[in-house]
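Notes follow the structure.
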Amino acid sequence: MRTPFVAGNWKMNKTAAEARELVSQLLGPLTDVAGVEKVLCPPFTSLFAVTSMLEGSGIGLGAQNMHWEEKGAFTGEVSPGMVKELCGYVIIGHSERRTYFGETDATVNKKLHAALKHDLTPIVCVGETLEEYESGRTSEVVLRQITLGLADVAPANAARIVVAYEPVWAIGTGKASSGENANFVHGQVIRPALSRLFGEETAQAMRILYGGSVTAANASEFFQQPEIDGALVGGASLKAGEFVAIVRAAVK
Ligand code: PGA
C-alpha cells in the first residue's frame, strides 16, 4: 500500500511575500487532509520565507533543483546541504531543467546520489518529448532516463525515491495525458525498470507520480489508476483552491 503523494511545483513564480500569502491560504485546508504526503516546491528565494509557517503542519517543503557538489566555486548554484537546512524534498531532472539548462541523465544521477546522501527525498522527473511520443519512442526514452538516472543506487535507499512521469508534451499545455496512457507507462515501463534495478519488493514500494496539466477537474482520472500514486502539479498548484482539490482527490 503506497501512500499517495502530491507535490506542487511552483516553478519561477511567486516572490517571498506572494509565497507567504499562498501558503497562508493553503495551510488550514491542506493540514486537514490526511493520508496524502503533501509537498510545496517554491523557488529558492521563498524557501526560508515559508519554512516556519509549515512547521507542524504536515506539509513538506521541497526545492526545485540543486547542485550535487557540497560547496565551492559554482556561481548561482545551491548545494544539497543548503537545501537540507530548509527542505525535506528536492525535484531532480525536471524536463525544463533538461531542455533549458542542459541537464542530462548523468547530472540527474549525480544529483540523486547527493540528495540521498543528505537524506532528502528526491522527486526524479522523466518523460518523452512530443517528437519522441509521436515517433513511438516513449518506452525507450523513459527506460533510458530511469536506467541511467537511477543508476548505482543501493536498493535499501531506493524505496524513498519518488519518480514523476511527466510527458513533455503535456506540461503546461493543457493537453494532459489520458489516465490510461500514463498508467501504461507507469505499470509497463517504469515499475518493471525499477524492479530490474532494485528488486520487485522495492519497486512495489516506490511512488510513481503523473505530471502534466493536472487540474482539479482531471485529477481523479489519474488517481483512480492503480499504478499512479499521485501527481506533480505545476500551474494548478499556484491556485490554492485548485491545489487543495487535487490533494483531496488523492485520498484513497
Ligand atoms: P503543469 O506542470 O502542471 O503546469 O503542466 C507540471 C510540471 O511541470 O511539473
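The values are calculated or read from the model by the stated rules, or taken from the named source; none is laboratory data. Just so you know, these numbers come straight off a predicted model, no measurement behind them. Positions of Cβ are backbone-derived with ideal geometry, glycine not excepted, and every protein chain shown enters the neighbour counts. We work out accessible area using only protein heavy atoms, side chains counted, and drop any ligands, DNA or RNA first. Shrake-Rupley method; radii C 1.70, N 1.55, O 1.52, S 1.80 Å.
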Check your understanding: Of the residues LYS84, LYS110, LYS117, which single one is touching a Phe, Trp or Tyr at 6+ places or on another chain (Cβ under 9 Å), more than 16 Å from the ligand (Cβ to nearest atom), touching a residue at least 12 places away in the same chain (Cβ under 8 Å) and more than 20 Å from TYR165 (Cβ to Cβ)?
Key -> LYS110
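So, in the stretch 1-23, exactly how many residues are open to solvent by less than 60 Å² (accessible area, probe 1.4 Å), not in a loop (DSSP other than H, G, I, E, B) and not β-branched (Val, Ile, Thr)?
The number of residues fulfilling the criteria is 7.
Could you look through the stretch 120-130, keep only residues that are outside any strand (DSSP E or B), out of contact with any Asp or Glu (no Cβ under 9 Å at 6 or more places or on another chain) and within 16 Å of the ligand (Cβ to nearest atom), and pick out the one that is least open to solvent (accessible area, probe 1.4 Å)? Break it down into steps so the answer makes sense when it comes.
Our first condition is that a residue be outside any strand (DSSP E or B); within the stretch 120-130, this holds for 120, 127-130.
Narrowing further to those that are out of contact with any Asp or Glu (no Cβ under 9 Å at 6 or more places or on another chain): 120, 129-130.
Add one more test, that the residue is within 16 Å of the ligand (Cβ to nearest atom), and what stays is 129-130.
Numbers: THR129: 51, LEU130: 86 Å².
So, considering only residues that are outside any strand (DSSP E or B), out of contact with any Asp or Glu (no Cβ under 9 Å at 6 or more places or on another chain) and within 16 Å of the ligand (Cβ to nearest atom), the one least open to solvent (accessible area, probe 1.4 Å) is THR129.
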Exercise for review: Give the number of residues within the stretch 59-108 that are among the small types (Gly, Ala, Ser), crowded, with 17+ Cβ neighbours inside 10 Å and within 18 Å of ASN9 (Cα to Cα).
Suggested key: 5
Check your understanding: How many residues are touching a strand residue (DSSP E or B) at 6+ places or on another chain (Cβ under 8 Å) and either of a type in the set (Phe, Trp, Tyr) or within 11 Å of the ligand (Cβ to nearest atom) (or both) if we restrict to the stretch 87-96?
Key -> 4
Practice item. Test PRO192 against the criterion of being under 27 Å from GLY136 (Cβ atoms) and open to solvent by less than 30 Å² (accessible area, probe 1.4 Å), and give yes or no. Key: no
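I'd like the full set of residues that are of a type in the set (Lys, Arg) and within 16 Å of the ligand (Cβ to nearest atom), limited to the stretch 189-239.
At the first step, the residues of the stretch 189-239 found to be of a type in the set (Lys, Arg) are 191, 196, 207, 239.
Hits for the stretch 189-239 are ARG207, LYS239.
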Review point. Would it be correct to say that LEU40 is of a type in the set (A, V, I, L, M), in contact with a strand residue (DSSP E or B) (Cβ under 7 Å, 6 or more places away or on another chain) and in a helix (DSSP H, G or I)?
Key: no
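Given the criteria crowded, with 17+ Cβ neighbours inside 10 Å and among the small types (Gly, Ala, Ser), does ALA217 qualify?
Values: crowded, with 17+ Cβ neighbours inside 10 Å: no; among the small types (Gly, Ala, Ser): yes.
Spelling it out, it is not the case that ALA217 is crowded, with 17+ Cβ neighbours inside 10 Å and among the small types (Gly, Ala, Ser).
Any residue at all in the stretch 176-186 that's open to solvent by less than 40 Å² (accessible area, probe 1.4 Å), of a type in the set (Ser, Thr, Tyr) and within 16 Å of the ligand (Cβ to nearest atom)? Let's see the steps before the verdict.
If we filter the stretch 176-186 for residues that are open to solvent by less than 40 Å² (accessible area, probe 1.4 Å), which is where we start, we get 176-177, 179, 182-183, 185-186.
With of a type in the set (Ser, Thr, Tyr) added as a condition, the list becomes 177.
Filter once more, so that each one left must be within 16 Å of the ligand (Cβ to nearest atom): 177.
Yes, the stretch 176-186 has at least one match.
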